[in-house]
Every structure is written in C-alpha cells, then in structure tokens.
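The values are calculated or read from the model by the stated rules, or taken from the named source; none is laboratory data. Everything quoted here is computed from the prediction, not taken from an experiment. Here the Cβ positions follow ideal geometry from the backbone for every residue, glycine too, while neighbour counts run over all protein chains shown.
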Ligand code: ADP
C-alpha cells in the first residue's frame with residue numbers, strides 16, 4: 001500500500017504555477033531524493049507535503065496509518081536557528097509535541113523516546129549541552145533525533161548536509177541509510193548531491209521548468225533530464 005500519493009498536483013503562488021500535474025507515489029521503505037535547480041519548486045513541494053501550503057489542483061494523500069502530523073521533518077537551517085538557546089535534550093524532546101495531549105508536561109514515554117533517539121544517533125553524551133555550542137554535524141544529529149521523535153514511518157529532510165564537510169556529510173548520509181534500511185522508515189530528501197542521490201535513493205523526483213521526472217534510480221540514469229543535469233555539475 002502506498003504511504004504517500006500525489007495525484008496530478010499543481011502548486012502556485014498567486015496564480016503563477018511553480019509546477020504542474022505532478023503525480024507520484026511512494027511505498028513504505030522507499031527513499032526518494034528530490035533534485036532540481038534553485039527555484040524549481042523543491043521547497044514549495046515540501047510545504048505541500050507538510051500541509052503548510054495548499055495545492056492549486058490535485059491531491060496529496062497519506063495512507064498506511066500515516067497522518068501529516070506524524071511526519072518527521074528536518075528543515076533547512078538558517079544562521080538564527082543555529083544559535084537557538086536551548087539544551088540538546090529540550091530540542092530533541094520538542095519532537096514529541098505533535099501528540100494529541102495538551103499537557104504542558106512531557107510523559108515518561110516521551111522522555112524515553114527522546115533518550116532512545118539520542119542513544120541511537122550516538123549523541124547521548126551531549127544531552128545537557130547547549131544546542132548553539134555544537135558543531136554543524138552535531139546540530140544536524142540533534143535535529144534528526146528530534147525528527148525521529150515525531151515519526152515511525154516518514155522522514156522529510158530539506159538539504160540536510162548544507163554547510164557540512166565531506167566526512168561529516170558522509171557520516172550523516174550513512175545514518176539516514178541505516179534509518180531507512182533497518183527501521184523501514186520512508187525517506188524524502190531534498191538534495192543537490194546527484195552522486196549521493198543515485199547511490200542511496202530508490203527513486204528520484206527531478207523538478208525542472210514546471211515539468212517533472214519521477215521514477216526509479218535506474219530509469220533516472222537513462223533519462224535525458226539526468227544526462228543534462230549531471231553533465232553541467
Ligand atoms: P527551490 O526550493 O527549488 O529553490 P522554491 O520552491 O523555493 O524553489 O521556489 C519556486 C518558485 O516559487 C520560485 O520562482 C520562487 O521565486 C517562487 N516562490 C517561492 N516562495 C514564494 C512565495 N512565498 N511567494 C511567491 N513566490 C514564491
């Protein structure tokens with residue numbers, strides 16, 4: 001059963017279409033990389049998937065037990081966000097706030113979830129550190145632990161290795177691969193790294209000039225859109 005289905009989706013700002021007639025579906029455990037030049041609509045699509053922006057036409061549907069509030073989201077970081085004055089534990093715990101309860105207190109279960117995800121990403125020793133004092137790579141692990149607190153089935157990552165050095169980027173991609181393969185969590189990642197996308201993803205969505213390619217990595221490698229894109233990089 002598809003976990004996510006986009007059917008004939010058009011998205012626009014004030015009647016100017018960013019992309020048109022986008023259709024694709026993902027099964028549980030798929031790994032999708034979204035590629036495309038700046039301005040091609042990647043962030044707009046992410047907003048649509050999160051329900052922050054309405055589609056102008058078509059439908060975005062989730063199934064297989066997933067609801068929009070249970071998507072784990074790792075947004076692009078601005079310099080101001082990197083300076084956030086909270087402890088690592090507070091940041092990770094806040095990932096559980098998509099729960100239905102309005103209680104201002106975290107339950108034992110939520111605290112355990114935060115602890116488990118700190119452990120899983122090897123950052124338990126940073127639990128009481130201030131988030132803004134961490135390196136870029138450590139901050140991304142904290143945000144990933146936070147996103148994992150929000151979901152059991154779908155992670156959405158917006159250019160997660162921007163600003164990280166190649167070694168730390170490779171470690172981060174390895175973490176994502178493990179989460180995808182071992183925990184069967186579906187991954188949707190906006191990326192500028194075509195090589196990594198081809199190596200790690202099962203599917204590629206490439207946005208360009210209001211048109212879109214969606215297919216398996218093998219189909220993408222054979223497509224004209226990928227040849228042009230890879231050659232100019
Ligand atoms: P990408 O993430 O691929 O760089 P975006 O989704 O940010 O692309 O932008 C796609 C197009 O939509 C661009 O032409 C951009 O200028 C336009 N756009 C983005 N956000 C807004 C907005 N809030 N209002 C109007 N136009 C926007």
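Laid out as a table, the results:
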{"read-out": "Test: residue 96 is in a helix (DSSP H, G or I), surrounded by 13 or more Cβ atoms within 10 Å (Cβ to Cβ) and not assigned by TED's automatic domain parsing to the domain that holds residue 192", "value": "yes"}
{"read-out": "Residue check, residue 122 in contact (Cβ under 8 Å) with a residue 12 or more places away in the chain and surrounded by 14 or more Cβ atoms within 10 Å (Cβ to Cβ)", "value": "no"}
{"read-out": "The lone exception for residue 192 - which of (1) in contact with a helix residue (DSSP H, G or I) (Cβ under 8 Å, 6 or more places away or on another chain); (2) not in a helix (DSSP H, G or I) it fails", "value": "(1)"}
{"read-out": "Test result for residue 26, crowded, with 19+ Cβ neighbours inside 10 Å, under 26 Å from residue 161 (Cα atoms), away from the ligand (no atom under 16 Å from the Cβ) and assigned by TED's automatic domain parsing to the domain that holds residue 157", "value": "yes"}
{"read-out": "Condition broken by residue 67, with the remaining ones in (1) touching a residue at least 40 places away in the same chain (Cβ under 8 Å); (2) assigned by TED's automatic domain parsing to the domain that holds residue 205; (3) farther than 18 Å from residue 192 by Cα; (4) away from the ligand (no atom under 13 Å from the Cβ) satisfied", "value": "(1)"}
{"read-out": "Scope the range 7-23; condition near the ligand (Cβ under 7 Å from one of its atoms) and either within 17 Å of residue 200 (Cβ to Cβ) or part of a loop (DSSP other than H, G, I, E, B) (or both); matching residues", "value": "14"}
{"read-out": "Test: residue in the range 133-152 that is surrounded by fewer than 13 Cβ atoms within 10 Å (Cβ to Cβ), within 15 Å of the chain's Cα centre (by Cα) and more than 24 Å from residue 37 (Cα to Cα)", "value": "yes"}
{"read-out": "Hits in the range 29-45 - residues which are outside any helix (DSSP H, G or I) and either within 8 Å of the ligand (Cβ to nearest atom) or within 21 Å of residue 63 (Cβ to Cβ) (or both)", "value": "29, 30, 31, 32, 34, 36, 37, 38, 39, 40, 41"}
{"read-out": "Neighbours by Cβ (under 7 Å, 6+ apart or cross-chain): first from the range 38-63, farther than 18 Å from residue 188 by Cα and in the same structural domain as residue 193 (by TED's automatic domain parsing); second within 12 Å of the ligand (Cβ to nearest atom) and in a helix (DSSP H, G or I)", "value": "55/48"}
{"read-out": "Unmet requirement for residue 58, which otherwise passes all of (1) away from the ligand (no atom under 16 Å from the Cβ); (2) closer than 22 Å to residue 159 by Cα; (3) at pLDDT 95 or above", "value": "(2)"}
